[in-house]
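The next block holds one structure in the form of structure tokens; read it before the comments.
The values are calculated or read from the model by the stated rules, or taken from the named source; none is laboratory data. Here the structure is a predicted model, which is why all the values come from computation and not from measurement. Here the Cβ is made from the backbone with ideal geometry for all residues, glycine too, and neighbour counts use every protein chain on show.
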Amino acid sequence: MSRTTAAMLAGALVLSGGAYVRAQVKVIAGEQHTMNATVEAVDEAARKLTIRTDKGEMRTIAVPAEATRLADVHPGDTITLTFYDNMVLRVKQPGEADVDTRELDVVTASGGSRPGGTSASQQTITATIDAIDLDEPAISFKGPKDWKYRTRVQDKAALQQVKVGDRVDFTWTEATLVKVTAKAKK
């Protein structure tokens, strides 16, 4: 799910429900996307793989130093990439400090007989409700570094539970699971 889609869900879900409660937390489960690709070339020195997606697109991807089994990946192998993301929103308490952090990627290797592993990262920012449009209905947020979101909201009544100037922490977590399957022998 893209961050824009996540934000649209966020706007709908963080504001929905019963009475408005400060420091309210909502977890918005993300979607899972899977992509299969075939390894076309392996450049161990540069730590890069050239892959052909299941849609026929050629891509070059960087392989992090933590992926220690690059030598076990060969042209013709199949790579399955599964992408996950989710978002947590929290209405901030008045006077609470703003946040703008990005956790470094965490990479772990799988313990299986084939190369693979997981890469994850997390980012948190504080955004301010910039505008509320009860006619559309929609809500707009502004954050650090000119970050902006405007999204429609499903529950119009939910918009009446917040006001322009309220602050919200957005935390995105993204992860990619990588699985390598050896080329079938003929």
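Scanning segment 132-154 turns up at least one residue that is surrounded by 14 or more Cβ atoms within 10 Å (Cβ to Cβ), among the hydroxyl-bearing types (Ser, Thr, Tyr) and free of Cβ contacts under 8 Å to residues at least 40 places away in the same chain. Of all residues in segment 27-47, those satisfying the criterion of being within 24 Å of Lys185 (Cα to Cα), touching a residue at least 12 places away in the same chain (Cβ under 8 Å) and either not in a strand (DSSP E or B) or not aliphatic (A, V, I, L, M) (or both) are Asn36, Thr38, Glu40, Glu44. Here Glu57 clears all of (1) exposed (fewer than 12 other Cβ atoms within 10 Å of the Cβ); (2) acidic (Asp, Glu); (3) in contact with a Pro (Cβ under 8 Å, 6 or more places away or on another chain) except the condition numbered (3).
Quick grid of which residues meet (1) in contact with an Asp or Glu (Cβ under 7 Å, 6 or more places away or on another chain); (2) closer than 30 Å to Val164 by Cβ; (3) touching a residue at least 24 places away in the same chain (Cβ under 8 Å):
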site	(1), (2), (3)
Arg52	yes, no, no
Thr60	no, no, no
Pro75	yes, no, yes
Gly95	no, yes, no
Arg102	no, yes, no
Gly116	no, no, yes
Thr124	yes, yes, yes
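Every condition in (1) exposed (fewer than 13 other Cβ atoms within 10 Å of the Cβ); (2) closer than 30 Å to Leu81 by Cα; (3) at pLDDT 90 or above; (4) not polar (S, T, N, Q) holds for Ile125 except the one numbered (1).
Take the residues in segment 99-119 that are at pLDDT 85 or above and within 17 Å of the chain's Cα centre (by Cα); name whichever of them is surrounded by the fewest Cβ atoms within 10 Å (Cβ to Cβ).
Initial filter on segment 99-119 (at pLDDT 85 or above): 99-101.
Subset that is within 17 Å of the chain's Cα centre (by Cα): 100-101.
Values: Asp100: 12, Thr101: 9.
My answer is Thr101.
For the structure I just gave you, tell me whether Asp155 is out of contact with any strand residue (DSSP E or B) (no Cβ under 7 Å at 6 or more places or on another chain) and modelled with pLDDT of 90 or more. Considered against the rule, which asks whether it is out of contact with any strand residue (DSSP E or B) (no Cβ under 7 Å at 6 or more places or on another chain) and modelled with pLDDT of 90 or more, Asp155 comes out as no. Applying the condition of being within 17 Å of Trp172 (Cβ to Cβ) and part of a loop (DSSP other than H, G, I, E, B) to segment 52-98 and asking which residue is modelled with the highest pLDDT yields Asp98.
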